[in-house]
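Presented below is the structure to which this report refers.
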2 protein chains.
Amino acid sequence: MKVAGAKPPLSQRKKAQAMRRAQSCALDLFEQRGFASVSMVEIAEQSEVSVASLFRYFGTKEQVVLWDEHDDRIIAAVAAGVERRLTPLAAVASGVAAALEGAFGAKADIERRKMALIFHEPALLAGFRANTSVWSDAFAVMFAKAEGATRPSLSHRASAAAAAVLVQVCLEEWFGRGGRSDLATLIDEAFSSVGRGTPIGSGVDSLPTDQ
Amino acid sequence: MKVAGAKPPLSQRKKAQAMRRAQSCALDLFEQRGFASVSMVEIAEQSEVSVASLFRYFGTKEQVVLWDEHDDRIIAAVAAGVERRLTPLAAVASGVAAALEGAFGAKADIERRKMALIFHEPALLAGFRANTSVWSDAFAVMFAKAEGATRPSLSHRASAAAAAVLVQVCLEEWFGRGGRSDLATLIDEAFSSVGRGTPIGSGVDSLPTDQ
DNA sequence: ACCCTTTTGATAGTGACTATCTTTTTAGTT
DNA sequence: AACTAAAAAGATAGTCACTATCAAAAGGGT
């Protein structure tokens, strides 16, 4: 295991710093004038990072917003849950809740600005939702390994995809409520409503008024 | 109810015809030279539809492939299942199975060519997966209405998103197996493995070897 | 200081997509 | 069948995300 204080090489630190600077400038510009009305050239000029580097770093304009320095924390947290042999959905639920508690702690301001932009710009929302596929694939591999399988089966992929998409739904719900609800509670509610296969009209949380 | 033989206006028929012609030409070209190496101008020349119309019809290059004349059949079939008050997941499972049986019946050749391209080109796969959001939203509204709610609750959206993504997983699995498996069986397997919340390592379909 | 490797910057080019305008086609109406 | 208002299709020019390539400038070890 690595020592916590071990520095990565200078080149990597400078790169990460440039990426943070570029993302921060991009958020400023997008908030002021909208995602479509700001060009990559402007972001480059504002952030003192060349256009070529912007594309090298982020790949696409959307990823300038969507990029998250610590976006592997969720996957790591879920992996820990899987190793504790929780139910697939339970592992994901607890892992995500733990990881996001950290994300919205220290640099909560950046995260909130990102989320606000994402839900305001359809192009960004589409990219945000595409993360589901990445999570899903990662979860599926974990589930397979936990059962000693070399490759994920259909049921592994199914559980993984369901878990990943439920996390997305909860994140959107959470932000839609202004970030005031408890994310862990939302995840719990979403996961259990799927897990128990509630029949439509059974009225577990809202009885039809029969009108 | 409308008479089955009632014709839509001439303009709409010509448009649909042009779209089919354009899609068919596009599939030819993409199969020959790859999605990225064919420009919209070439598709326009080949199909005798102007570039402007291509963008009016399809919006994006990806949608030239992804567009499906009858892609509302799935949603309609699921709506029918919901009205019969099935479980959310059951309604989606049966509806999708029914709808796709039709889709791969008459014009199965086009559908297979589309699927082959979609899974061969990452850009198309991303677009294909984005359909999940559309389905999910539609399902959520159905579930809410079935319970007499005016707007979908979190659990409605959760069930809808899970159902939609499971359909995607099954479609991908189905195509990955060369289209030889029975899609309805796959859907059943996927949905039940999520529904029962199988613990990891419980060994329902493969016991861990404990190594 | 020295080289060697990796990273960054600058430049030119491609093509998806938009905006705008003109021309054609369609659908009623007489 | 001819006339007209409305809608759709075509043509054109422009923007900008993204790629490819090469030159310059770091970084990292000797």
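No lab work stands behind these numbers, since they all come straight from the coordinates. All values reported here derive from a predicted model rather than from experimental measurement. Please note: Cβ atoms are built from the backbone with ideal geometry, for glycine as well, and neighbour counts cover all protein chains shown.
Taking every DSSP helix (H) stretch of at least 4 residues in chain B, weighting each as -39,500 (n - 2.57) and dividing the sum by the residue count yields a mean residue ellipticity at 222 nm of -22500 deg cm²/dmol. Sparse packing (at most 16 other Cβ atoms within 10 Å of the Cβ) combined with a DSSP loop state is found for the following GluC sites (Glu not before Pro) in the stretch B:9-98: B:Glu48, B:Glu69.
Taking only the alpha carbons of the stretch B:111-152, we obtain Rg and Dmax values of 15.0, 43 Å in that order. Entry for the protein assembly as shown at q = 0.06, 0.12, 0.14 Å⁻¹: log10 I(q)/I(0) = -0.29, -1.15, -1.44, Debye formula applied to identical alpha-carbon scatterers, no solvent contribution. Once the gyration tensor of the Cα atoms in chain B is diagonalised, the equivalent ellipsoid follows with semi-axes of 34, 24, 15 Å, ordered largest first. For B:Gln63 and B:Arg85, the FRET efficiency from 1/(1 + (r/R0)^6), where r spans their Cβ atoms and R0 equals 41 Å, is about 0.70. Measure nothing fancy, just the Cα-based angle from helix A:108-120's long axis to the longest principal axis of chain A, in degrees from 0 to 90, nearest 10. On a 0 to 90 degree scale, this one is about 80.
For the segment A:147-153, counting C-beta atoms of other chains within 10 Å of every residue's C-beta and taking the mean gives 4. One decimal place: the segment B:Arg20-B:Arg177 gains 53.8 nm when fully extended, by the rule 0.36 nm per residue minus the C-alpha distance. Counting every pair of alpha carbons in the stretch A:88-191, the share spaced more than 23 Å apart comes to 29 percent. Taken about its Cα centre, the protein assembly as shown carries a charge dipole of roughly 460 debye when the Cβ of each Lys and Arg holds +1 and the Cβ of each Asp and Glu holds -1. Computed over the stretch A:1-111, the percent of Cα pairs more than 18 Å apart is 60. Think of the protein assembly as shown as having a plus end and a minus end, set by charges on the Cβ of Lys, Arg, Asp and Glu; of A:Ala52, A:Thr185, A:Ala76, A:Ala52 sits farthest toward the positive end of this dipole. Building the convex hull from the alpha-carbon atoms of the stretch B:67-126 and averaging its projection over directions returns 4.5 nm².
Over 12 Å apart: what share of the alpha carbon pairs of the stretch B:142-181 falls there, rounded to a whole percent? Kindly include the intermediate steps, with their values, before the conclusion.
Working: 490 of 780 pairs.
The proportion of pairs with Cα distances above 12 Å equals 63 percent.
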